[in-house]
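Participant: Quick one: the structure is below, questions incoming.
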Amino acid sequence: MPLDKQIAAVLEPFSAQGEPDYDQLDAAQYRQYADHLLPPIPGPVMAEVRDLRVAGAAGELDARLYRPLDQDNLPLLVFFHGGGFVIGTLETHDHLCRALASATGAVVVSVAYRLAPEARFPAAPLDCYAATCWLVEQAGSLRVDGSRLALAGDSAGANLAIAVSRLAAQHQGPRIRYQCLFYPVTDGRCDSASYQAYGEGYLLSRAMMAWFWRSYLQRPEQVEDPLASPLLAESLSGMPATTLITAEYDPLRDEGEAFAERLQRAGVATRVERCAGMVHGFISMTAFVERAATALAGAAADLRRALV
């Protein structure tokens, strides 16, 4: 279908700006711009919101807990933010985490893993796995039910959720009931048909993704590592049941849908939904894009059912 009118209004100011020179782009400086692209969006009121320090692979990490109801033993949903492994913060995804907590009835904990290029692959997936393990171990003090555990993330954060699921399967725990993946990064080769069709003019560009990958990996050949490019894994058996959402006008669309197909062939219960007229990042636009709110509600309903 045509580009959604509400999405088109979002894209208009970005189209006029053009792209930076990625050969000269400094990651720290770019964060100052990119992490403030959208105005602060208020999310649902929580019974509790508090910042935490959680275990990472090489020291403590910042995290934020969202409790929708003042109750003990709610399910636990660990969230990893997107941003190409380079940008993004707890603040940029605060409203999305609030919305997920409200709609699922789970305690959401958003983890601020180490960013590239200061901490390159595999720092981020190892951080996210260590943090997930710590949160389950601390379930009692956090007043959550660690046996009802799910993961969620958008874009690079969805890639990290997949990595945590893979590491949990390899290390026999923790047991993850479900993963919810919004337009995941699954293939660092960046050569799909949707890259060719939508690699310019739709918020996320092919040039930007190439810069993210150069910033993230220590060596180009690491793009073949399944922990970085899970679509290239020999097997996806043992992964948790999955909801995977893609956007029609997204260079990452095809690799996300190919990953969903691989999951289904591996016998993993997977619901995949392509959101017509949407672009990459749309799930963070629920306040002003109706289709985004509908997609988020559907994904949250899947998580709620899985965490009963």
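Each value in this text was obtained by applying a stated rule to the coordinates, not by laboratory testing. All of these numbers come straight from a predicted model, not from anything done at the bench. Cβ: placed from backbone, ideal geometry, glycine included. Neighbour counts: every protein chain shown.
Participant: With a ≥ b ≥ c the root eigenvalues of the C-alpha gyration tensor of segment 17-64, is it rounded (a/c under 1.5), prolate (a/b larger than b/c) or oblate?
Facilitator: oblate
Participant: What value, in deg cm²/dmol to 500, does the helix sum -39500 (n - 2.57) over DSSP H runs of n ≥ 4 give at 222 nm once divided by the residues of the chain?
Facilitator: -11000 deg cm²/dmol
Participant: Which listed residue (Ser284, Phe85, Ala168) has the Cα farthest towards the positive end of the charge dipole for the chain, taking +1 on Lys and Arg C-beta and -1 on Asp and Glu C-beta about the Cα centre?
Facilitator: Value computed over the given set: Ala168.
Participant: Suppose a student asked you for the relative contact order of segment 5-306, using Cα pairs under 8 Å spaced at least 6 residues apart; what percent would you report?
Facilitator: So the answer I get is 17 percent.
Participant: Follow-up. Which whole number in µm²/s is D for segment 100-140 by Stokes-Einstein, with the Kirkwood Rh taken over Cα pairs at 4 °C and 1.567 mPa s?
Facilitator: Translational D for this selection: 111 µm²/s.
Participant: I would also like to ask the following. Using a simple spin-label model with points 7 Å from Cα along the Cα→Cβ vector, what separation in nm is obtained for Ala193 and Gln138?
Facilitator: The modelled label-to-label distance comes out at 4.7 nm.
Participant: Still on this structure: Reported to two decimal places, what Rg/Rh ratio describes the chain when computed on Cα atoms with Rh from the Kirkwood expression?
Facilitator: Reported Rg/Rh, Kirkwood definition of Rh: 0.93.
Participant: What base-10 log of the normalised intensity I(q)/I(0) is obtained for segment 157-289 from the Debye formula, alpha carbons as equal point scatterers, at q = 0.09 Å⁻¹?
Facilitator: Cα-only, vacuum Debye calculation for segment 157-289: -0.25.
Participant: Where both partners of a DSSP beta bridge lie in the chain, what percent of those bridges are antiparallel, to the nearest 5?
Facilitator: If I count the DSSP bridges inside the chain, around 30 percent turn out antiparallel.
Participant: Something else about it: Largest first and in whole Å, what are the equivalent-ellipsoid semi-axes of segment 40-127 based on the Cα gyration tensor, each being the root of 5 times an eigenvalue?
Facilitator: Equivalent-ellipsoid dimensions as semi-axes: 24, 14, 10 Å.
Participant: Using 7 Å Cα-to-Cβ label points, what is the Glu118/Glu221 separation (nm, one decimal)?
Facilitator: That separation, rounded to one decimal, is 3.0 nm.
Participant: What full-extension length gain, to one decimal in nm, is calculated for Ala301 and Ala266 as 0.36 nm per residue of separation minus the Cα-Cα distance?
Facilitator: So the chain would gain 10.2 nm between Ala301 and Ala266.
Participant: Note the full-extension length gain between Arg175 and Arg53 as 0.36 nm times their separation in residues minus their Cα-Cα distance, in nm to one decimal.
Facilitator: 41.7 nm
Participant: Still on this model: By how many nm would the segment from Gln24 to Leu90 lengthen if fully extended, with 0.36 nm per residue of separation less the alpha-carbon distance?
Facilitator: Separation in residues times 0.36 nm, less the Cα-Cα distance, equals 21.1 nm.
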